[in-house]
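The values are calculated or read from the model by the stated rules, or taken from the named source; none is laboratory data. If you're wondering where the values come from, they're calculated on a predicted model, not measured in any experiment. Here the Cβ positions follow ideal geometry from the backbone for every residue, glycine too, while neighbour counts run over all protein chains shown.
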Ligand SMILES: [Zn+2]
């Protein structure tokens, strides 16, 4: 397994309660075959594209195929494995190689160019904290990248630890959420906004974020340098969002493989998540953790 193509672990299944359940689970695990291990992309000289471009090119590797057969599962598994959204997940081998920091600047990712049927959920800010939010993500079994702002979450960081326990990760969305930071703040001030959240995340969640999302989405070369200087791997924006109970697309009218979807911790979280779920299911995509697919978890 090459280091930049980690295999996403299948979701943990609840303990079966009967011998039949155990046999069914063993059968399921026996059918879990990850194919395409030889399909790791050859590291290439992929350079970050111009800032105006949408998305970065994947390396010149072949798409890889991953297989986890779950056919017939519904008739053999105990009821507690058949909760909505709780089916065993397929395993995907990433066919995308995140470009490295070049010229001191972190790459910018607006979507992931992949042939795998995957989509990535990202949830920002952290102002609104309602217990039902964690329950919904758990019911749907959605891992998400949480781009949190220190000043929005520091009154209750424990709220977000629940999401981490479910498989989500906390990423960096600055200390104070200045949507004009790329235009108004000096390099040093931007670095302070970014590094301050790195330290806070480390202290509260035990991990230094690897991904950065600019408040409002605007970025600059100075910001790309500050993100790299703070030790992170990429700036992550989006081309699709779930907002006010509906999906908005910058391109087309449905989700595409590799889309990075923006949501927020807002009062309309349930409606937004329902809109996302409908789009995700109708597009035939699985929700996987962006950090795992990029190899930066
Ligand atoms: Zn934000």
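Key figures for this structure:
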item	result
Any hit, segment 220-233, residues being more than 17 Å from the chain's Cα centre (by Cα), within 14 Å of the ligand (Cβ to nearest atom) and farther than 27 Å from residue 274 by Cα	no
Where residue 119 falls short, out of the listed (1) part of a loop (DSSP other than H, G, I, E, B); (2) modelled with pLDDT of 95 or more	(1)
Of residues in segment 104-151 being surrounded by fewer than 24 Cβ atoms within 10 Å (Cβ to Cβ) and on the phi > 0 side of the Ramachandran plot, the one nearest to the ligand (Cβ to nearest atom)	125
Answer residue from segment 171-186, given it is over 28 Å from residue 158 (Cβ atoms) and in a loop (DSSP other than H, G, I, E, B) and is farthest from the ligand (Cβ to nearest atom) among those	186
Out of 189, 162, 202, sole residue that is assigned to a helix (DSSP H, G or I), more than 16 Å from the ligand (Cβ to nearest atom) and under 23 Å from residue 135 (Cβ atoms)	162
Any hit, segment 245-253, residues being within 30 Å of residue 93 (Cα to Cα) and buried (at least 21 other Cβ atoms within 10 Å of the Cβ)	no
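Here is a yes/no grid of residues against (1) surrounded by fewer than 20 Cβ atoms within 10 Å (Cβ to Cβ); (2) within 15 Å of the ligand (Cβ to nearest atom); (3) part of a helix (DSSP H, G or I):
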| site | (1), (2), (3) |
| --- | --- |
| 195 | yes, no, yes |
| 208 | yes, no, no |
| 241 | no, yes, no |
| 260 | no, yes, no |
